[in-house]
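Novice: Handing you this structure, nothing more for now.
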Amino acid sequence: MEHAKEDLQVRWLKLRILLKQRFGIKPDMDGILFLIGVQELGTAKQVYTKEQKQDLMHIAVCTLLAQSGYYVLEGFDGEGWPHFKLVKALPAFNVFEQENFLKDHALLYFEQIFKTDN
């Protein structure tokens, strides 16, 4: 089990380094969720309100967990923001396990987006 955790952390660090090379920043989890949210929203807007940033991070979490069938995309509102529905109960994780669960899903997401070996 320790090897799997280490491998996840190594792959996570490689992803952060790749994102630094592409965007000039080495984002933490919140930064990565923000990037995914912006990617999924598909807008070129550069400035977001605090509430919009939180919404973008929510979009990211839903998008990531949709990969494992926890959420489904219900549609888009009038401004083009996606809306998701929880369709499967989320696992009961502690904070550390929850972060690793999201990291694993984020790695899968970026492997598909960037076609990398992270």
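Novice: Go through segment 65-118 and give me each residue that's in contact with a strand residue (DSSP E or B) (Cβ under 9 Å, 6 or more places away or on another chain), assigned to a loop (DSSP other than H, G, I, E, B) and surrounded by 14 or more Cβ atoms within 10 Å (Cβ to Cβ).
Specialist: Tyr70
Novice: Okay, next question. Search segment 29-43 for residues that are without any contact (Cβ under 8 Å) to a residue 60 or more places away in the chain and pair each with any residue that is among the small types (Gly, Ala, Ser) and part of a loop (DSSP other than H, G, I, E, B) when their beta-carbon atoms are under 8 Å apart and the residues are at least 6 apart or on different chains.
Specialist: If the second residue must be among the small types (Gly, Ala, Ser) and part of a loop (DSSP other than H, G, I, E, B), the pairs left are Leu41/Gly80; Gly42/Gly80; Thr43/Gly80.
Novice: Name every residue in segment 59-75 that is farther than 10 Å from Leu33 by Cβ and of a type in the set (A, V, I, L, M, F, W, C), in order of residue number.
Specialist: Cys62, Leu65, Ala66, Val72, Leu73 - these are the residues of segment 59-75 that are farther than 10 Å from Leu33 by Cβ and of a type in the set (A, V, I, L, M, F, W, C).
Novice: How about segment 41-59: which of its residues are in contact with a Leu (Cβ under 7 Å, 6 or more places away or on another chain), outside any loop (DSSP other than H, G, I, E, B) and over 10 Å from Pro82 (Cα atoms)?
Specialist: Met57
This table checks each residue for (1) at pLDDT 95 or above; (2) hydroxyl-bearing (Ser, Thr, Tyr); (3) within 23 Å of Tyr48 (Cα to Cα).
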| site | (1), (2), (3) |
| --- | --- |
| Ala66 | yes, no, no |
| Val72 | yes, no, no |
| Gly78 | no, no, yes |
| Trp81 | no, no, yes |
| Val87 | yes, no, no |
| Leu90 | no, no, no |
| Val95 | no, no, no |
| Ala106 | yes, no, yes |
| Glu111 | no, no, no |
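The values are calculated or read from the model by the stated rules, or taken from the named source; none is laboratory data. Just so it is clear, the model here is predicted, and its values are computed rather than measured. Note that each Cβ is placed from the backbone with ideal geometry, even for glycine, and that neighbours are counted across all protein chains shown.
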